[in-house]
Amino acid sequence: MPSFRTLAAVLGAVALAGCNAVVTKTPLLTRADEAGAPSAKPGLWRFAGDTDCQVDEAKPLADWPECGGGVVLKDGKAGYYERKTGKPVWTLQPVILAAGAPRIAQVQVVVGGDVTVESNPFAYAGARATQSDAQGRITAFAFWPVQCGPPPKGADADPITTAPLPGLVLKPGEPACTTASVAALRNAAKLSEAWAPKPMTARWLRDGP
């Protein structure tokens with residue numbers, strides 16, 4: 001099973017990572033798809049998916065461990081510290097949070113592991129706002145990876161579904177699928193909420209890092 005690490009450094013800890021994920025070579029969503037929906041409140045967010053990660057949230061983001069899922073959301077981009085070289089490097093990554101029920105987040109990812117997937121594909125997560133501020137901006141939400149179909153069961157099962165959803169195309173030899181259809185992506189995002197491997201949440205912490 002390969003691992004996906006998002007350049008936004010958060011949705012990968014989320015399990016976009018993993019197998020049975022919908023990925024596309026080019027983005028399916030644009031800024032226009034965000035129209036009419038509440039935006040995420042700008043500032044420092046914590047994307048939680050690793051329950052074993054110990055983080056002192058009062059510390060500056062630069063001092064957080066990589067597992068902390070800390071990201072600054074502002075102007076349609078996620079800012080985070082890339083720690084590949086051991087020295088934190090500030091990095092910006094565009095993020096789309098499309099309108100709809102559920103919302104769909106789109107980020108570009110870097111793929112690692114022993115299975116080749118499209119170079120730097122775009123991956124997707126369904127999202128549902130759980131809290132907002134007085135101005136209607138989202139301050140907390142739950143999210144889940146958009147999957148290709150019902151995940152296989154059993155430790156020895158193949159990593160990819162045996163029943164891909166309509167409009168999704170399995171990628172031979174890879175634990176991922178793709179699509180050119182926004183409608184198929186939206187349908188998969190809706191159904192995938194029930195297949196989420198574990199609860200994953202994000203919440204606004206403060207204005208700056």
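Brief remarks on what is shown
- Taking a ≥ b ≥ c as the square roots of the eigenvalues of the Cα gyration tensor, the stretch 67-199 is oblate, since a/c reaches 1.5 or more and a/b is not larger than b/c.
- Spin-label model distance (nm) - Asp52 vs Asp207, 7 Å beyond Cα toward Cβ: 3.8 nm
- In order through the stretch 137-149: 3J(HN,Hα) via Karplus (6.51 cos²θ - 1.76 cosθ + 1.60), integer Hz, x for Gly, Pro: 7, 5, 10, 7, 8, 9, 8, 7, x, 7, 9, 6, x
- Taking amide H as placed 1.01 Å from N in the peptide plane, Ile96 has its amide H under 5 Å from the amide H of Gln106, each at least 5 places away in sequence or on another chain.
- Among 54-67, 32-45, the peptide with the highest mean count of other Cβ atoms within 10 Å heads the list, and the full ranking is 32-45, 54-67.
- Candidate lysines for bridging to Lys198, where Cα separation is under 18 Å - those fewer than 8 sequence places away on the same chain excluded: Lys153, Lys190
- Amide H within-cut-off set for Ala48, under 5 Å, with H built and near neighbours excluded: Thr201, Ala202, Arg203
Rule-based calculations on the coordinates, nothing more; no lab input. The structure displayed is predicted, hence computed values, not measured ones. Note that we place each Cβ from the backbone using ideal geometry, even for glycine, and neighbour counts take in every protein chain shown.
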